[in-house]
1. Quick one: Debye curve from the alpha-carbon atoms of the stretch 44-104 only, equal weights, vacuum; give me log10 I(q)/I(0) at q = 0.28, 0.30 Å⁻¹ to two decimals.
2. Which percent of the accessible area of the chain is formed by carbon and sulfur heavy atoms (probe 1.4 angstrom)?
3. What translational D, rounded to a whole number of µm²/s, comes out for the stretch 196-314 from Stokes-Einstein when the hydrodynamic radius is the Kirkwood one over Cα pairs, at 20 °C and 1.002 mPa s?
4. Could you check what % of the DSSP bridge pairs in the chain are antiparallel, to the nearest 5?
5. Ratio to report: Rg/Rh of the stretch 103-258, with Cα atoms as the point set and Rh obtained by the Kirkwood method; give two decimals.
6. Tell me, in nm to one decimal, what length is gained between ARG294 and ALA240 on full extension, where the rule is 0.36 nm per residue of separation less the Cα-Cα distance?
7. With every protein chain present, what is the per residue accessible area of the chain (1.4 Å probe, Å²)?
8. To the nearest 20 Debye, how big is the dipole of the stretch 206-249 about its Cα centre, given +1 on the beta carbon of each Lys and Arg and -1 on that of each Asp and Glu?
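The values are calculated or read from the model by the stated rules, or taken from the named source; none is laboratory data. Every value quoted in this text rests on a predicted model; they were computed, and no experiment measured them. Positions of Cβ are backbone-derived with ideal geometry, glycine not excepted, and every protein chain shown enters the neighbour counts. Heads up: the accessible areas ignore ligands, DNA and RNA and are worked out on the full protein's heavy atoms, side chains in. Shrake-Rupley method; radii C 1.70, N 1.55, O 1.52, S 1.80 Å.
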Amino acid sequence: MIEQNAGARHVPVMLGRTVELLAPALASEGAVYVDCTLGLGGHARAILERCPDARLIGIDRDADALDAARERLAAHADRVELYQAVYDELGDVLAEARTPRVQAILADLGLSSLQIDTAERGFAYAVDAPLDMRMTQSEGPSAADVVNTYAASDLARVLRTYGEERFADRIARAIVAERARRPFETSARLVETVAGAIPAAARKTGGHPAKRTFQALRIEVNRELDALAGLLPQALDALAPGGRIAVLAYHSLEDRLVKNALRKASTDHAPRDLPVVPAEHRARFRLLTRGAERPDDEEHEANPRAASARLRAAERLSEDS
């Protein structure tokens with residue numbers, strides 16, 4: 001169910017800078033902008049308004065988000081095509097759209113306001129809600145399935161790898177012991193179990209004690225890092241010469257994948273002793289951002305959800321490079 005004020009609450013992260021980076025590639029008539037994580041369509045609407053000759057291919061795995069975005073983008077409906085898919089299915093979507101080359105791609109990897117603020121989706125640890133966390137609610141195991149069925153060792157691996165949780169073993173053992181009494185169904189009981197497994201001194205620092213556990217479960221349920229690793233090479237290959245990609249990441253695991261993919265694509269691959277780099281070994285891309293750009297203090301204050309955002313962007317050079 002879509003909340004009526006979801007769009008009003010939605011504040012796109014680093015909107016001005018994202019549009020500034022992508023708009024130069026969308027000036028020509030028929031240029032195609034792909035939003036791989038359409039969400040509520042905030043970035044997409046701004047880019048369509050800034051680039052009146054561009055058209056949008058919008059992708060999201062969440063049917064509710066697509067419905068909300070379709071309404072938000074109604075004024076530009078003649079330039080919009082929407083697809084329900086996971087973003088690592090980009091190649092399939094572009095094939096269906098008969099658009100193998102595009103001019104701009106955005107992937108905003110954060111949760112949308114719709115997902116965070118709809119309690120029954122189970123993404124937030126601050127309210128008691130069913131343990132779901134699936135971005136596509138009709139598919140795959142939920143967070144409840146993970147915490148109720150995974151062995152302690154597998155739970156610890158998930159928490160350690162995807163949440164960078166230093167108390168992963170303690171939390172996993174506590175979850176297994178508690179679920180033996182009664183399976184987990186809602187978030188409040190899981191939050192209580194996680195907090196109880198963390199030493200009291202550690203609970204006083206580093207934010208909410210369940211933050212890393214909930215992040216890890218969400219990534220596991222939605223296979224987010226696998227999907228991102230699948231998206232990046234497809235997105236780079238889909239860009240036409242002069243095309244641009246921008247990615248907004250929200251934690252170090254995502255950002256590391258993006259950083260490494262863009263660094264590799266923007267580096268010459270030739271022996272160091274060659275006086276001239278052959279064309280086939282030259283970098284395919286150039287970086288548009290110096291490291292990861294972060295929201296300024298004004299945006300951080302106005303939109304706390306932007307605090308952890310890290311923006312990286314690159315431009316494709318020639319087709320032959």
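1. Cα-only, vacuum Debye calculation for the stretch 44-104: -1.29, -1.34.
2. Looking at the chain in its full context, I get 49 percent from C and S.
3. It diffuses with D of about 125 µm²/s by this estimate.
4. Once the DSSP bridges in the chain are tallied, antiparallel ones form about 40 percent.
5. The Rg/Rh ratio comes out at 1.02.
6. Additional length available on full extension: 16.7 nm.
7. Here the residues of the chain average 47 Å² of exposed surface.
8. I would put it at about 220 debye.
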